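K.L.:
Here's a structure for you.
Just so you know, all these numbers are worked out from the coordinates, no wet-lab data involved. These numbers come from a predicted model, not from an experiment. We place every Cβ from the backbone using ideal geometry, glycine too, and count neighbours over all the protein chains shown.
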Amino acid sequence: MIESFLRGRVTVTVGDITQQRVDAIVNAANSTLLGGGGVDGAIHRAGGSQILEECREIRRSRFPEGLPTGEAVITSGGNLPAPYVIHTVGPIRGAEGGRDVELLAACYWNSLALAVQHNLSSVAFPSISTGAYRYPREEAAAVSSKAIEDFLTADNTLKQVRLVFYQMGDARLFSENHKFRNGA
Ligand code: ADP
């Protein structure tokens with residue numbers, strides 16, 4: 001763990017999202033919910049076919065046109081250490097008609113709300129939209145920290161939100177640009 005915020009409820013770490021032992025890991029999915037590159041590919045590879053089968057069923061029964069950007073759905077974690085995966089679709093930078101901030105915040109907020117609805121107490125996030133979807137890391141740090149703080153201020157059931165960065169330099173950029181009001 002590199003640092004923590006909101007009296008320890010939020011922690012920042014460097015690692016692989018697929019290896020996190022928490023109640024749910026969040027997938028930076030795309031609207032098809034049928035897999036892709038980056039985090040999405042890694043989660044489906046490590047978690048096995050169960051996750052994809054549940055995603056197909058969600059597409060069929062609830063989202064035949066695909067999961068809208070900013071929304072979140074939940075499946076089991078298959079072979080992952082985490083029992084659940086929350087799939088959310090981040091905004092593609094510059095392609096959302098000026099709604100990038102609102103949609104990235106919605107990813108974090110809706111993922112946390114879904115975790116609470118399922119009585120989960122720990123959630124790990126990758127840095128949504130900052131890979132293939134090209135959201136600048138500095139701006140994503142500000143938006144994600146604000147959304148998480150807003151959510152946790154209104155909720156007292158979630159015990160741990162872990163922010164997992166793939167590389168040390170990415171965690172450092174987060175540290176320099178977050179908007180959490182109180183450290184430790
Ligand atoms: P998006 O399409 O939302 O941009 P990506 O999966 O392309 O999603 O990238 C999101 C972020 O996840 C990037 O910052 C990337 O460095 C990071 N990342 C890629 N693989 C992993 C992994 N296995 N664990 C944690 N973070 C990862």
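K.L.:
Using the reciprocal of the averaged 1/r over all distinct C-alpha pairs, how large is the Kirkwood radius of the range 74-132 in Å? Walk me through the numbers on the way to the answer.
P.N.:
Details: mean 1/r = 0.0796 Å⁻¹.
This gives a value of 12.6 Å.
K.L.:
Hey, another quick one. Could you work out the relative contact order of the chain, using alpha carbon pairs under 8 angstrom and six or more residues apart, expressed as a whole percent?
P.N.:
Numbers: 381 pairs, mean separation 55.3, N = 184.
Value for the chain: 30 percent.
K.L.:
How do THR153, THR32, THR130 rank when sorted from fewest to most other Cβ atoms within 10 Å of their own Cβ?
P.N.:
Going from least to most buried by this count: THR153, THR32, THR130.
K.L.:
Give me Rg over Rh for the chain, both radii from the alpha carbons and Rh done the Kirkwood way, two decimal places.
P.N.:
Values: Rg = 15.0 Å, Rh = 16.1 Å.
Checking Rg against Rh, the ratio lands at 0.93.
K.L.:
Report the far tail of the P(r) of the range 1-77, meaning the percent of Cα-Cα pairs longer than 15 Å. Walk me through the numbers before you get to the answer.
P.N.:
Details: 1749 of 2926 pairs.
Across the range 1-77, Cα pairs with separations above 15 Å total 60 percent.
K.L.:
Once phi is turned into ³J(HN,Hα) by the Karplus curve 6.51 cos²θ - 1.76 cosθ + 1.60 with θ = phi - 60°, what whole-Hz value does each residue of the range 85-98 show in order, with x for glycine and proline?
P.N.:
The phi angles translate into 10, 9, 9, 9, 10, x, x, 7, 3, x, 10, 10, x, x Hz.
K.L.:
Hey, got a sec? Which trypsin sites (Lys or Arg not before Pro) in the range 41-89 land in a DSSP loop and have at most 16 other Cβ atoms within 10 Å?
P.N.:
Working: sites: ARG45, ARG56, ARG59, ARG60, ARG62; in loops: ARG62.
Those that pass, being in a loop and sparsely packed, are ARG62.
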